[in-house]
Amino acid sequence: MKENICTIPINDLFKPKNGCPICRMEEMLEETYVEFIVGDAMMEPNIRIETNKKGFCRRHFTKMFSAGQKLPNALIMESHLKAIAENILPPKAPSKPDKKVIEKINALRESCYVCERIDHDIHHLLATVFSEYQKSEEFQKLYREQPFICLNHYAYIMSDASGKRGIKGKFMKPFCEDTYNLTKNYISELQEDTSYFCSMFDYRNRGKDFGKSKDVIERNIEYLTKEQP
Ligand SMILES: [Zn+2]
Ligand SMILES: [Zn+2]
């Protein structure tokens, strides 16, 4: 499972030039894991132990339900409920609120098997992005040609770039410049389009064309929010 994802050439992931490349990677990983969970993973008891422990966020339960058959979904839920009933809830009513139980439920609420696998793989893929950037001018060009990097992934990339598997020495400056431009140029474009969009509601502009500002609200949401939980 892990091998499949790690062997996808990073160049291929950057070629489609459609939206934020890291969002695109996340979508690809998400689709792969969701299908895996309700498919091949059904035959792997080790994965079930993990998913029983971590559970899923609402987004991923919903995606699993639409991607998979009803029975695999119900079987996953059956063993997840059993794990909660046996390992998290106390066998009988407590005489006072039990802090440990509350902590366990809060931890479960914040964890999701799919989210955690995606997060793990994204760090790995970013390390590959950094190494490719330092190895190949062709990849640097491909990186610069991305339409934009969303605000969340700007922070993600920058934080990993200074990490152990990040960007080294002389490459740091051009890399930061390229990454900054990908987010900064796009925010400028959004600002311009958003102001234009607002101005279209002035009666003096009645009948004019919204032009490329027409989907600016959708584009702002895409830029400003992380779709992943
Ligand atoms: Zn993104
Ligand atoms: Zn999730």
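The residues in region 44-62 that are surrounded by 15 or more Cβ atoms within 10 Å (Cβ to Cβ), over 19 Å from the mean Cα position of the chain (by Cα) and not in a helix (DSSP H, G or I) can be counted, and the count is 0.
Name the single residue that is farthest from the chain's Cα centre (by Cα) among those in region 124-147 being open to solvent by 10 Å² or more (accessible area, probe 1.4 Å) and either hydrophobic (A, V, I, L, M, F, W, C) or within 16 Å of ligand 2 (Cβ to nearest atom) (or both). My answer is L142.
Could you please give the count of residues in region 111-123 that are within 16 Å of ligand 1 (Cβ to nearest atom) and open to solvent by less than 30 Å² (accessible area, probe 1.4 Å)? Steps first, answer last, please.
First pass over region 111-123, keeping only residues within 16 Å of ligand 1 (Cβ to nearest atom): 115, 118-119, 121-123.
Filter once more, keeping what is open to solvent by less than 30 Å² (accessible area, probe 1.4 Å): 115, 118, 121-122.
Looking only at that region, the number is 4.
Annotation note: Cβ proximity below 9 Å between a residue of region 156-184 that is farther than 17 Å from H120 by Cα and a residue that is outside any loop (DSSP other than H, G, I, E, B) and open to solvent by 60 Å² or more (accessible area, probe 1.4 Å) (sequence gap 6+ or interchain) occurs for D178/R144; N181/R144; L182/R144; T183/L151.
Screening A41 on (1) open to solvent by less than 20 Å² (accessible area, probe 1.4 Å); (2) more than 14 Å from ligand 2 (Cβ to nearest atom); (3) under 30 Å from A155 (Cβ atoms) shows it passes everything except condition (3).
Kindly check whether there is at least one residue in region 151-169 that is under 24 Å from C115 (Cα atoms), open to solvent by 100 Å² or more (accessible area, probe 1.4 Å), out of contact with any helix residue (DSSP H, G or I) (no Cβ under 7 Å at 6 or more places or on another chain) and not aliphatic (A, V, I, L, M). Yes - at least one qualifying residue is present in region 151-169. When I76, I102, I84 are screened for being β-branched (V, I, T), open to solvent by less than 30 Å² (accessible area, probe 1.4 Å), part of a helix (DSSP H, G or I) and more than 16 Å from ligand 1 (Cβ to nearest atom), only I76 passes. When restricted to residues that are charged (D, E, K, R) and within 16 Å of ligand 2 (Cβ to nearest atom), region 68-118 contains 4. In this entry, E30 passes the filter for residues that are modelled with pLDDT of 90 or more, open to solvent by less than 40 Å² (accessible area, probe 1.4 Å), assigned to a helix (DSSP H, G or I) and acidic (D, E).
The values are calculated or read from the model by the stated rules, or taken from the named source; none is laboratory data. These figures come from a predicted structure and were not determined experimentally. In this analysis, Cβ positions are derived from the backbone assuming ideal geometry, glycine residues included, and neighbour counts consider all displayed protein chains. Keep in mind that these areas ignore ligands, DNA and RNA; they rest on the heavy atoms of the full protein, side chains included. Shrake-Rupley method; radii C 1.70, N 1.55, O 1.52, S 1.80 Å.
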